[in-house]
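Visitor: Supplied in structure tokens, the structure appears directly below.
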Amino acid sequence: MQINKKNFPAYGLTIDTAFDACTNIEVGADIFAQCYHRATKQSPEKTHQEHLDDAASCYYSGNFSRGYQGEGRQNLSYVEKFNRAEKLPASTISESYDSLPESESSTPKAPTQTPTWDVFGDFAY
């Protein structure tokens, strides 16, 4: 999973531990779950799918709006890309999920050139 380095302190991650498969999935899932819970509390009138979309935006950017903005050559948003994947049923996400405390957010700085991990060259802040 993609874990922004701003989340490292809250989870006690280093660059090495962030790439441990089990740790990476556990932390990434926790970040997504926290976003989902925040989405349901912020807008309880929305549907499960809308909460998942908001959580995807939050997971991607740390907020509920940036993930809806189109980017790249195809001008697709992260949420649009996320929706191409199969979803879990609503009963799979429990409100009693015991996630770790959220970290303080900070705005990442845009790289001066395309990062080597961006194989399509379409990532933008």
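Since every read-out is calculated from the coordinates, none of them should be taken as a lab result. This one's a predicted model, so the numbers in the text were calculated from it and none came from an experiment. Reconstructed Cβ throughout: ideal geometry from the backbone, glycine too, with neighbour counts over all protein chains shown.
Visitor: Starting from the Cα of residue 43, step 7 Å toward the Cβ, then list every residue of region 51-74 with an amide N under 11 Å from that point.
Guide: What the label zone holds, given the 11 Å backbone N cut-off, is 51-58, 64-66, 68.
Visitor: Right, next: Quick one: what are the phi-derived ³J(HN,Hα) couplings along region 72-81, Karplus 6.51/-1.76/1.60 with θ = phi - 60°, whole Hz, x for glycine and proline?
Guide: 3J(HN,Hα) across region 72-81, in whole Hz: x, 4, 8, 6, 8, 7, 4, 4, 4, 5.
Visitor: Order 27-38, 59-70 from most to least packed using the mean count of other Cβ atoms within 10 Å.
Guide: Sorting 27-38, 59-70 by mean packing, highest first, produces 27-38, 59-70.
Visitor: May I ask which residue of 19, 63, 75 lies farthest towards the positive end of the charge dipole of region 7-85, with charges of +1 (Lys, Arg) and -1 (Asp, Glu) on Cβ and the Cα centre as origin?
Guide: My answer, from the dipole projection, is 75.
Visitor: Same structure again: Simple spin-label model, 7 Å along Cα-to-Cβ: residue 4 to residue 81 in nm?
Guide: About 1.5 nm separates the two model spin labels.
Visitor: From the phi of every residue in region 34-44, what ³J(HN,Hα) in whole Hz does the Karplus formula 6.51 cos²θ - 1.76 cosθ + 1.60 yield, where θ is phi - 60° and glycine or proline is x?
Guide: Rounded to whole hertz, the list is 4, 4, 4, 5, 4, 5, 5, 6, 6, 9, x.
Visitor: Let me ask something else. Sort region 7-85 into rounded, prolate or oblate with this rule: let a ≥ b ≥ c be the square roots of the eigenvalues of the Cα gyration tensor; rounded if a/c is under 1.5, and if a/c is not under 1.5, prolate when a/b is larger than b/c, oblate otherwise.
Guide: Oblate, because a/c is 1.5 or more while a/b does not exceed b/c.
Visitor: Could you give the length gained by full extension between residue 63 and residue 23, i.e. 0.36 nm per residue of separation minus their alpha carbon distance, to one decimal place?
Guide: The residue 63-residue 23 span can extend by a further 12.1 nm.
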